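Have a look at the structure below, then the notes.
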Amino acid sequence: MLPVGYDLRFNDEESFRKLWGPHLPPDTIDELAGDIGRPGTRKRVKALRSMGIEIPFKSAWPVFIGHSLPRFHDDTRAVYPSMDALPDLCRSVLVSLVFNRGSSLKGSARKEMRAIRDILDRAAASGLSKQQRAMILSEVEDELISMQRLWGPGTGVSRRRQDEANLWREGLENG
């Protein structure tokens, strides 16, 4: 329910209250705390709106910049330790991926994320020319597109993977 990347389902109440307390009225905090650990639904969003509860962007942005983005950047670095050697746009793609999918590499649904890790490791090997490294890194684009198998064509997540693949390519070309 909370905008800009904070999902009550994956956070605990103590953290939620600490992060959002300075930005939202206490009655809003109390109402939303009841949603900790639960998946959001359209019905619940409608109910919250009927109570007058909507999270303004000006409240969500400081939490995103101060907490969510650094957290997911660190999670991404843990999965892809060589990411700091990549162009900025490529690093952003990886953070977006982990932000959306999480940092686990276990299971068949994560095979492309594991492949990306392996590609990045190969590209980080010493003795490669810039051209060899770029050729290896270009394989990430294919893995991002391959993830579309997990969602139906035309879905928002499928489009997101395509957008990330396009950004990856742009990052390599301009980085």
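Only one entry in 125, 33 is farther than 30 Å from residue 165 by Cβ and out of contact with any Pro (no Cβ under 7 Å at 6 or more places or on another chain), namely 33.
Is one or more of the residues making up the stretch 153-174 surrounded by 14 or more Cβ atoms within 10 Å (Cβ to Cβ) and outside any helix (DSSP H, G or I)? The answer is no; no qualifying residue exists.
All conditions in (1) part of a helix (DSSP H, G or I); (2) under 19 Å from the mean Cα position of the chain (by Cα); (3) not polar (S, T, N, Q) hold for residue 5, with the sole exception of (1). Scanning the stretch 118-126 finds one or more residues that are under 20 Å from the mean Cα position of the chain (by Cα) and surrounded by fewer than 14 Cβ atoms within 10 Å (Cβ to Cβ).
Looking only at the stretch 106-124, residues that are farther than 15 Å from residue 144 by Cβ, in contact (Cβ under 8 Å) with a residue 12 or more places away in the chain and out of contact with any Leu (no Cβ under 9 Å at 6 or more places or on another chain) come to 2 in all. Restricting to the stretch 73-100, count the residues that are surrounded by 16 or more Cβ atoms within 10 Å (Cβ to Cβ), closer than 20 Å to residue 10 by Cα and touching a residue at least 40 places away in the same chain (Cβ under 8 Å). Qualifying residue count, the stretch 73-100: 3. Inspection of the stretch 33-46 finds a residue satisfying the criterion of being in contact with a helix residue (DSSP H, G or I) (Cβ under 6 Å, 6 or more places away or on another chain), part of a helix (DSSP H, G or I) and farther than 30 Å from residue 94 by Cβ. When the stretch 149-171 is limited to residues that are among the polar types (S, T, N, Q) and at pLDDT below 95, the one that is farthest from residue 86 (Cα to Cα) turns out to be 155. Within the option set 39, 25, being within 22 Å of the chain's Cα centre (by Cα) and not assigned by TED's automatic domain parsing to the domain that holds residue 163 holds for one residue only, 39. Screening the candidates 85, 124, 115 for the property of being in contact with an Asp or Glu (Cβ under 7 Å, 6 or more places away or on another chain) and over 30 Å from residue 34 (Cβ atoms) yields one hit, 115.
The values are calculated or read from the model by the stated rules, or taken from the named source; none is laboratory data. Source: prediction; values computed, not measured. Cβ coordinates were reconstructed from backbone atoms using ideal geometry, including for glycine residues, and neighbour counts include every protein chain displayed.
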